Amino acid sequence: MTDDELFRENIQAYRDYEHRLGLCAGCPPTGGACAEDFRITKRGHMPVWRDRRVVTEPCGERWLEHKTRRRLENSNVPKFYWDSSVLAYPRIENLAALGELAALGERLATGAPCFVVLSGPKGSGKTRLSVALLRTLIRRAPRALLWYADVAIVRGEMQQRYDAGTDQPADVFGHARESHVLVVDNVDPGRYARDAWLTSRLEALIRDRFLGRKTILLATHETREALESAYDVPGLSDAETCQLS
């Protein structure tokens, strides 16, 4: 390398650093401004001066938040719920239940199998608290395979396929079966009592998780006893119940 080439390389490096600092300056609270930047500075890092030279350091919380959101997206969590947080939960009358969920999060982070029914009326925050648990796991157990399934959405997709005369796939809950931690939302057997084709698939999924000792959280408007009556799943009566009001 000639002297001229060496100087030009250093100049380009500083231009890349300057470009990255510009991205950092405009980075939103949810992070990710540098996600598509493939210059010399590693994504999620920013240039800083240290002992008369430029080094790169992790930018911190914003990049972590960006990665958390990408994991939620890849885990099938609707974007509407990505901001879910236990700290932002407004219902003070459910403080005892929040304590139970916090303890559950601790156990989930260790990889111990957990079977939980999160029960409460509409508007009690079941979905947001379930997603908040997934956020905790993304931070504490980054390699865990997570999946969120909304029965109402699955039903709609299945109904569309039936209406269109399209053959149903063998397993509409494929990703759910493979996950280490599964949240199934809107598990309301009374609401779908006439949909035998949906009930049978959902029962098979829940049964597979319980018999395989795989973690599952069922969010429902109904009681655990109602789920026991609707689904033939050994051990469902032993699932922990967290009741919201």
Exercise for the section: Look at the stretch 194-203 and say how many of its residues are closer than 13 Å to TYR231 by Cβ and either part of a strand (DSSP E or B) or in contact (Cβ under 8 Å) with a residue 24 or more places away in the chain (or both). Expected result: 5
Handout entry: Single condition PRO121 does not satisfy, out of (1) touching a helix residue (DSSP H, G or I) at 6+ places or on another chain (Cβ under 9 Å); (2) not in a helix (DSSP H, G or I)
Key = (1)
Practice task
Residue by residue through the stretch 9-38, note down the ones that are touching a Cys at 6+ places or on another chain (Cβ under 8 Å) and hydrophobic (A, V, I, L, M, F, W, C).
Solution key: LEU23, CYS24, CYS27, ALA33, CYS34
Exercise for the section: State yes or no: is ALA193 assigned by TED's automatic domain parsing to the domain that holds LEU98 and at pLDDT below 85? Expected result: yes
Problem - Long-range neighbours under 9 Å by Cβ, at least six apart or interchain, first residue basic (Lys, Arg) within the stretch 152-164, second at pLDDT 75 or above and surrounded by 13 or more Cβ atoms within 10 Å (Cβ to Cβ) - result: ARG155/ASN186; ARG155/TYR192; ARG155/ASP195; ARG155/LEU198
Handout entry: Those residues of the stretch 44-63 which are under 14 Å from GLU18 (Cα atoms) and either hydroxyl-bearing (Ser, Thr, Tyr) or buried (at least 16 other Cβ atoms within 10 Å of the Cβ) (or both), in sequence order
Key = HIS45, MET46, PRO47, THR56
Exercise for the section: Could you please give the count of residues in the stretch 73-90 that are within 14 Å of THR127 (Cα to Cα) and outside any loop (DSSP other than H, G, I, E, B)? Expected result: 3
Handout entry: Members of the stretch 1-33 that are modelled with pLDDT of 85 or more, exposed (fewer than 10 other Cβ atoms within 10 Å of the Cβ) and of a type outside the set (A, V, I, L, M)
Key = GLY26, PRO29
Handout entry: Filter result for GLU93 (at pLDDT below 85, part of a helix (DSSP H, G or I) and more than 14 Å from ALA132 (Cβ to Cβ))
Key = yes
Problem - Sole exception among (1) crowded, with 20+ Cβ neighbours inside 10 Å; (2) farther than 14 Å from ILE216 by Cβ for GLU106, by number - result: (1)
Exercise for the section: Please enumerate the residues belonging to the stretch 35-76 that are outside the structural domain of ALA25 (by TED's automatic domain parsing) and touching a helix residue (DSSP H, G or I) at 6+ places or on another chain (Cβ under 6 Å). Expected result: THR68, ARG71
Exercise for the section: Please find, within the stretch 176-207, the residue that is nearest to PRO113 (Cα to Cα) out of those that are among the small types (Gly, Ala, Ser) and touching a strand residue (DSSP E or B) at 6+ places or on another chain (Cβ under 6 Å). Expected result: SER179
Practice task
Would you tally the residues in the stretch 108-128 being at pLDDT 85 or above, under 14 Å from GLU240 (Cβ atoms) and not small (Gly, Ala, Ser)?
Solution key: 6
Practice task
Those residues that are modelled with pLDDT of 90 or more and in contact with a Lys or Arg (Cβ under 7 Å, 6 or more places away or on another chain), I need them from the stretch 35-64; list them, please.
Solution key: ALA35
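The values are calculated or read from the model by the stated rules, or taken from the named source; none is laboratory data. What you see is a predicted model; the values in this text were computed from it and never measured. So basically every Cβ, Gly included, is an ideal-geometry build from the backbone, and we count neighbours across all protein chains shown.
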